[in-house]
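The values are calculated or read from the model by the stated rules, or taken from the named source; none is laboratory data. This one's a predicted model, so the numbers in the text were calculated from it and none came from an experiment. Cβ coordinates were reconstructed from backbone atoms using ideal geometry, including for glycine residues, and neighbour counts include every protein chain displayed.
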Amino acid sequence: MARILTGIQSTGTPHLGNLLGAIRPAIELAHQSENESFLFIADMHSLTQVKEGATLRENTYAVAAAWLAFGLDTERTVFYRQSDVAEVTELAWYLNCFFPYQRLTLAHSFKDKADRLEDVNGGLFSYPMLMAADILLYDADFVPVGKDQLQHLEMTRDVASRFNHKMGETFVVPKELVRDETQLIPGLDGEKMSKSKGNTLDIFADPSALKKRINKEIVTDATPLEEPKTPEGSVIYNLYKLVASNDDVARMAESLRAGGYGWGHAKKALLEAVVDGFASEREEFNRWMSDKGALDAELAKGAKRAQEVAQPVLNRVREKIGF
Ligand code: ADP
Ligand code: TRP
C-alpha cells in the first residue's frame, strides 16, 4: 500500500478554480482504497507571508471547512494542520544542516523575490526544507503536486538522498505525481482564476454577494438583446459549462444563438447554477465555519494519527545523527 501525502496552501476561502483544479481531484485520489493518504494545511509555510494570527487561523479554518464540505472522508485520510505536528520543524532543521546553501538560493520560492531582498525572511529562504520535512517525516511514497512545485520536490528527493548517503538509509525517497493541469479554470475576467487577481468565482459566498460580483466583474459586449450571440469564447458561457448540466448548457447556447436572450439572462443562469449547484456544500461549509470547535476536533484527530507516524521517523533520524 502506497502512502500519498500532499500539502495545501492556506491562502483563504477556496474558489471554483481551487475546487475543480485541486480539491476534487485530490479527494478522488485520497479515496482510492489502495492508497493511504495524508493531507495537511500548510499554515507554517503561510507564516512566511502572513503575520496576522487571526488571518492565519481563519484561512486554515476556511480551507479545512471547504475540504470537509466537499466530502473529504477523515476516516480514510489523515487530515491535519501542519503546525499541530511541530516535530516537522525539528526535522526541517536537520535537513537544513544537510542541504547546501547554494542550492537553496536556486529555489523559485526565494528567487522570485530575490530582487527585493528586503521582503525575504529566513523562513522563505528555507521554505523548501520545511516542505521536505513535511514529506519525509511521514515516509511518503508519492506526492501529488502541480508543476510549480516540482523543483521543491526535487530538492526533497535530493536532501533525502544526501542524508541517506552520509548517515545510512533513513528516509523514503518520495516520487512526484504531477497533477494534470489540463483544466485551467478561467476567472470572471477570462484570465486564470486566482485570488491574487481578484477574479474569483466564490462558490461559498452568499448569493447576494455573488450576484453583485457576477454582474459587476463579468464584462460583456453591447450586442442588443434581440440579436443572436456567439456563446463560444464568452466568459459567462465558459464558466456556465463548468457548473451546469449538459442539457442546461445546450439550452443556453441555443438561446444565445437564437437571439432574444441577453447576457443579463445568461448571468442570471450562471448565478443560479452556482447558488443551486453548490447549495448543500455551501450549507456544510457554513455549518463547519460556525462550529470551529468541531473543526478543531477533526484536525486534532488527524494530528494525533500524524504524530504516531512522525515520532518513530524522527527518532530514527535523531539516532542516525547521534543525538
Ligand atoms: P490562488 O491562485 O487563488 O492563490 P492557489 O495558488 O492557492 O490559488 O492554488 C491552490 C490550488 O488550486 C493549486 O493546486 C492550484 O493548482 C489550484 N488552482 C488555483 N487556481 C486554479 C485555476 N484557475 N484553475 C485550476 N486550478 C487552480
Ligand atoms: N508548497 C506547496 C504549495 O505552494 C504546499 C506544500 C507545503 C506542500 N508542504 C508540502 C505540497 C508538502 C506537497 C507536499 O502548493
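Out of K175, K192, one residue alone is in contact (Cβ under 8 Å) with a residue 40 or more places away in the chain and either more than 11 Å from ligand 2 (Cβ to nearest atom) or within 29 Å of I4 (Cβ to Cβ) (or both). It is K192.
In the set (1) within 30 Å of K320 (Cα to Cα); (2) assigned to a loop (DSSP other than H, G, I, E, B); (3) among the hydrophobic types (A, V, I, L, M, F, W, C); (4) within 24 Å of the chain's Cα centre (by Cα), M155 fails one condition alone, (2). So, R282, is that one more than 16 Å from L16 (Cα to Cα) and modelled with pLDDT of 95 or more or not? The answer is no for R282.
In region 110-141, what residues are in a helix (DSSP H, G or I), surrounded by fewer than 21 Cβ atoms within 10 Å (Cβ to Cβ) and not aromatic (F, W, Y)?
We begin by selecting, within region 110-141, every residue in a helix (DSSP H, G or I); these are 110-111, 114-119, 122-125, 127-136.
Filter once more, keeping what is surrounded by fewer than 21 Cβ atoms within 10 Å (Cβ to Cβ): 110-111, 114-119, 122-125.
Selection gives K111, A114, D115, R116, L117, E118, D119, G122, G123, L124.
Just one of the listed residues (L153, L177, L188) is among the aliphatic types (A, V, I, L, M) and under 30 Å from E217 (Cα atoms), namely L188. Being out of contact with any Phe, Trp or Tyr (no Cβ under 7 Å at 6 or more places or on another chain) and more than 14 Å from ligand 2 (Cβ to nearest atom) is the filter here; which residues of region 1-18 pass it? Of everything in region 1-18, those that are out of contact with any Phe, Trp or Tyr (no Cβ under 7 Å at 6 or more places or on another chain) and more than 14 Å from ligand 2 (Cβ to nearest atom) turn out to be M1, H15, L16. Per the listing L91, L95, the residue uniquely farther than 30 Å from L295 by Cα, more than 20 Å from the chain's Cα centre (by Cα), part of a helix (DSSP H, G or I) and not acidic (D, E) is L95.
Each row is one residue, and each column tells you yes or no for (1) within 13 Å of ligand 1 (Cβ to nearest atom); (2) outside the structural domain of L137 (by TED's automatic domain parsing); (3) surrounded by 17 or more Cβ atoms within 10 Å (Cβ to Cβ).
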position	(1), (2), (3)
T13	yes, no, yes
N18	yes, no, yes
A22	yes, no, yes
S33	no, no, no
E36	no, no, yes
L39	yes, no, yes
A42	yes, no, yes
Q49	yes, no, no
E52	no, no, no
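Looking across region 144-172, the residues that are out of contact with any Pro (no Cβ under 9 Å at 6 or more places or on another chain) and within 12 Å of ligand 2 (Cβ to nearest atom) come down to V145, G146, K147, D148, Q149, L150. Would you point out the residue of region 281-298, among those that are under 18 Å from A209 (Cα atoms) and out of contact with any helix residue (DSSP H, G or I) (no Cβ under 7 Å at 6 or more places or on another chain), that is surrounded by the fewest Cβ atoms within 10 Å (Cβ to Cβ)? Within region 281-298, the match that is surrounded by the fewest Cβ atoms within 10 Å (Cβ to Cβ) is E283.
The number of residues in region 122-143 being away from ligand 2 (no atom under 13 Å from the Cβ) and either modelled with pLDDT under 95 or closer than 13 Å to A160 by Cα (or both) comes to 1.
One residue alone among L150, L184 is closer than 18 Å to G17 by Cβ and either in a loop (DSSP other than H, G, I, E, B) or within 14 Å of ligand 1 (Cβ to nearest atom) (or both), and that residue is L184. Filtering K175, K212, K229 for residues that are out of contact with any Phe, Trp or Tyr (no Cβ under 9 Å at 6 or more places or on another chain) and away from ligand 1 (no atom under 16 Å from the Cβ) leaves a single hit, K212.
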